[in-house]
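Here's the structure, in structure tokens; my notes come after.
The values are calculated or read from the model by the stated rules, or taken from the named source; none is laboratory data. Note that the structure is predicted; figures quoted are calculated from it, not measured. Cβ placement follows ideal geometry from the backbone for every residue including glycine, while neighbour counts extend to all protein chains displayed.
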């Protein structure tokens, strides 16, 4: 397939069902958090209509097309250059019938897509509040990591507007933001239903948290077993190898 790459763009093999992705080595490349979120949300119902808020280069839509029997997934990406890479990755994997990528800020989404009509929202939003932590001079990386174009409340508010009643919401974030996350989910009537903490290894505190919520769901929170990325010798755990399709 004839895909024209820009300078510094490369094609990476996802080593999963022959999928590939186009990334810019100088930009913000996907990490294990996106891979873990795609695995955490893989049990969505057949023929679901899905939105990925802040899709980046399209990693989550591509993986979910391999892990689920979804009908359609819309990836929303505000940065034009990153959006264009995602579009090319969709074409590269022959997934145009399943994935639509749109170049838009999530704040404008209800003016573009039908509200109250999607079965699932997945999102790997920027983790850091604006003007906190170390900042990066590269604007693409800064926008990917910090709440510049939209904040945590924006992601949760637009999710409840787009989801059907009893629609499912999946997010990966940082444990230190859990109080904010649960407070905002309740505010916008997305009830937290499942939580899974992700650790680098058994000796360190959790570094990520995977959360499932249901719009207008009942009040009951289930803790899934902890997920450890590395064994004590620094190798991947068997569960991580399974998620990556290595076992």
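The one condition from (1) under 15 Å from residue 243 (Cβ atoms); (2) touching a helix residue (DSSP H, G or I) at 6+ places or on another chain (Cβ under 7 Å); (3) modelled with pLDDT of 95 or more that residue 76 does not meet is (1).
The single condition among (1) at pLDDT below 95; (2) over 27 Å from residue 12 (Cα atoms) that residue 163 does not meet is (1).
On the stretch given as region 216-241, residues that are in contact (Cβ under 8 Å) with a residue 24 or more places away in the chain, more than 18 Å from the chain's Cα centre (by Cα) and part of a strand (DSSP E or B) total 4. Touching a strand residue (DSSP E or B) at 6+ places or on another chain (Cβ under 8 Å), surrounded by fewer than 24 Cβ atoms within 10 Å (Cβ to Cβ) and in contact (Cβ under 8 Å) with a residue 24 or more places away in the chain, is that true of residue 21? For residue 21, the condition - touching a strand residue (DSSP E or B) at 6+ places or on another chain (Cβ under 8 Å), surrounded by fewer than 24 Cβ atoms within 10 Å (Cβ to Cβ) and in contact (Cβ under 8 Å) with a residue 24 or more places away in the chain - is not met. If we scan region 44-56, do we find a residue that is surrounded by 22 or more Cβ atoms within 10 Å (Cβ to Cβ), part of a helix (DSSP H, G or I) and modelled with pLDDT of 95 or more? No, because not a single residue in region 44-56 is surrounded by 22 or more Cβ atoms within 10 Å (Cβ to Cβ), part of a helix (DSSP H, G or I) and modelled with pLDDT of 95 or more.
Might you check whether a residue that is in a loop (DSSP other than H, G, I, E, B), buried (at least 18 other Cβ atoms within 10 Å of the Cβ) and at pLDDT below 95 occurs anywhere in region 82-91? Let's see the steps before the verdict.
Start the filter on region 82-91 by keeping residues that are in a loop (DSSP other than H, G, I, E, B), which leaves none.
No - not one qualifying residue is present in region 82-91.
For first residues located in region 176-187 and touching a residue at least 40 places away in the same chain (Cβ under 8 Å), partners that are in a helix (DSSP H, G or I) and surrounded by 16 or more Cβ atoms within 10 Å (Cβ to Cβ) and lie 6+ apart or on another chain with Cβ distances below 6 Å do not occur.
Rundown of residues vs (1) more than 26 Å from residue 163 (Cα to Cα); (2) assigned to a strand (DSSP E or B); (3) at pLDDT below 95, yes/no style:
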{"position": "178", "(1), (2), (3)": "no, no, no"}
{"position": "181", "(1), (2), (3)": "no, no, no"}
{"position": "186", "(1), (2), (3)": "no, no, no"}
{"position": "192", "(1), (2), (3)": "no, yes, no"}
{"position": "195", "(1), (2), (3)": "no, yes, no"}
{"position": "207", "(1), (2), (3)": "yes, yes, no"}
{"position": "211", "(1), (2), (3)": "no, yes, no"}
{"position": "214", "(1), (2), (3)": "no, yes, no"}
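Candidates in region 16-39 are the residues that are assigned to a loop (DSSP other than H, G, I, E, B) and either under 28 Å from residue 169 (Cβ atoms) or under 19 Å from the mean Cα position of the chain (by Cα) (or both); of these, the one that is modelled with the highest pLDDT is 19.
If the condition is being touching a helix residue (DSSP H, G or I) at 6+ places or on another chain (Cβ under 9 Å) and buried (at least 19 other Cβ atoms within 10 Å of the Cβ), then region 57-66 contributes 57, 58, 59, 60, 61, 62, 63, 64.
Looking at region 37-50, can you tell me whether even one residue there is more than 21 Å from residue 167 (Cβ to Cβ), free of Cβ contacts under 8 Å to residues at least 60 places away in the same chain and touching a helix residue (DSSP H, G or I) at 6+ places or on another chain (Cβ under 6 Å)? Steps first, answer last, please.
Our first condition is that a residue be more than 21 Å from residue 167 (Cβ to Cβ); within region 37-50, this holds for none.
Looking through region 37-50, none of the residues is more than 21 Å from residue 167 (Cβ to Cβ), free of Cβ contacts under 8 Å to residues at least 60 places away in the same chain and touching a helix residue (DSSP H, G or I) at 6+ places or on another chain (Cβ under 6 Å).
Just so you know, in region 97-119 the residues that are closer than 23 Å to residue 79 by Cβ and in contact (Cβ under 8 Å) with a residue 60 or more places away in the chain include one that is surrounded by the most Cβ atoms within 10 Å (Cβ to Cβ), and it is 118.
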